[in-house]
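Read the structure below first, then the notes.
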Amino acid sequence: MNTQPVVSVRARVIAVHKTRWEIQADDGTTLEAIAGRDLEQDLPVVGDWVTATCHEVDTIARITTIEPRRSFLVRKRPGDVEHDAVVEQPIAANIDFALLTMADDDFNVRRLERYLTLAWDSGATPVIVLTKADLTSPEVLELMVSDAQSVSLGIQTITTSSVTGQGLAELREVLVPGSCAIVLGSSGVGKSSLLNALAGTDLQTVSHVRQFDGKGRHTTTSRRLVELPWGAYLVDTPGLRELQIWGDEQSLSHSFADVQAIAADCRFSDCTHNTEPGCAVQEAVSQGTLPAERLDSWRRLDRELAYLARKTDGAAARAERQRWKAIAKQQRAIKRDR
C-alpha cells in the first residue's frame, strides 16, 4: 500500500494513446495518466483541461475531472458502424482556431464547405490555409483563393509555403500567445511541415517529397498539442480520409450564411428550397446570383445533419417526420390547385 501523500494537479491533455493520456501540469511537468472511473462515459481529448491526482513518487496520474469545454471539435465516426449506429468521434477541445489546410492537388470547394461547417459547429474560428504555394503557379493559386473566398464568406484565407516561408508571418499574427489552433486537412497536404516551419524546428516527423509529383507522405499518427516558441499552441492531426460532419442546423447558418440570408425571403419559413412556390433561394439560382452547386451542397449537408438528428434524438425524429408530412400535404394541395 502506497503511503505517500496524494496530490492534486491541474493539467492539460497534450496527447491521447488508446487507454493512456499525456498531461502537462501548470508547472510544465509532463505525466502519464489513466482515466478515473467517473470518466467512463466522457473521456478526455487533446486540449482538455483536467484535474488529476497522483502520489508524489508516482509517474502515473489518475484523471478525475474534466473542466467545462469552451469549444469541442467532433465529427461523425467514419466507416461502417454496427447496426447503423451513429457515433461521435471527439477530436479536440478548447480550440480557438481551426486551420483548414488544402494544397493544389487536394483542393476541393465542396470538402472545404464541410470543413467550415465542422469548424463553426465546434465553436472555433476557421482560417483557410492553402499550403505548398511554392509548388503552385500564381495563376492556379489566385484561382484557389478566389474559389475558397466564394464559399467562406469573409473567412481569412492565407497562402503558405513551408519552404519559402510565405504566409508564416500572417499565420503568426493569427496565433497570438495563449491561443490554441488545430490543423485539419487530408494526408500529405503539408500539415506537419507547416507546424515545423512555424516552430522553427522539427517538432513533427515528415516524409520526403516525391520528385515526380511533389507529394509527401503524412507520418502523423496521433493528435498532439505542442507549444510554439511565442506561446501559442497547435494540435497536429493525422490526415482525415473521411470527413463526416457532426452538428445541427445552426452549423449551416455560419458556413452557408449566403443561403440563409436569401432564404429569409422565402414564402414559407420551413421552405426546403426544392419545389415550394415563392422560394427565394430557387429564384436566386435561376437568376444566377447563387450557384446551383452551392445549393446542392447545402442540401447534402442539411440532409446529413437531419439524419444525425433523427438517429441521436427521438424527439427530433418525430419532428422530422411531422415536417415531411406537412411538406407532402402542402405539395398535394399545390397540385390540386393547379
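What the table below lists for this structure:
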{"quantity": "Selection from segment 119-130 of residues that are in contact (Cβ under 8 Å) with a residue 60 or more places away in the chain and closer than 10 Å to residue 100 by Cα", "calculated": "119, 129"}
{"quantity": "Members of segment 98-114 that are free of Cβ contacts under 8 Å to residues at least 60 places away in the same chain and of a type in the set (D, E, K, R)", "calculated": "104"}
{"quantity": "Count of residues meeting criterion [surrounded by fewer than 18 Cβ atoms within 10 Å (Cβ to Cβ) and assigned to a loop (DSSP other than H, G, I, E, B)] in segment 167-206", "calculated": "10"}
{"quantity": "Only listed residue being closer than 24 Å to residue 66 by Cα, surrounded by 15 or more Cβ atoms within 10 Å (Cβ to Cβ) and in contact (Cβ under 8 Å) with a residue 12 or more places away in the chain, chosen from 92, 133", "calculated": "92"}
{"quantity": "Of all residues making up segment 4-45, the number that are buried (at least 19 other Cβ atoms within 10 Å of the Cβ) and in a loop (DSSP other than H, G, I, E, B)", "calculated": "2"}
{"quantity": "Extreme residue, farthest from the chain's Cα centre (by Cα), among residues of segment 97-129 that are hydrophobic (A, V, I, L, M, F, W, C) and closer than 15 Å to residue 174 by Cα", "calculated": "129"}
{"quantity": "Positions within segment 129-167 being among the hydrophobic types (A, V, I, L, M, F, W, C) and touching a strand residue (DSSP E or B) at 6+ places or on another chain (Cβ under 9 Å), in sequence order", "calculated": "129, 130, 133, 141, 144, 145, 148, 155, 158"}
{"quantity": "Per-region count, segment 92-103, residues part of a strand (DSSP E or B) and farther than 15 Å from residue 186 by Cα", "calculated": "3"}
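So that you can scan it fast, the table gives a plain yes or no per residue for (1) modelled with pLDDT of 85 or more; (2) under 20 Å from the mean Cα position of the chain (by Cα); (3) charged (D, E, K, R):
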| position | (1), (2), (3) |
| --- | --- |
| 213 | no, no, yes |
| 265 | yes, no, yes |
| 289 | yes, no, no |
| 292 | yes, no, no |
| 297 | yes, yes, no |
| 300 | yes, yes, yes |
| 314 | no, no, no |
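The values are calculated or read from the model by the stated rules, or taken from the named source; none is laboratory data. These numbers were taken from a predicted model, which means no experiment stands behind them. Ideal geometry is used to build each Cβ from the backbone, glycine not excepted, and the neighbour counts take in all protein chains shown.
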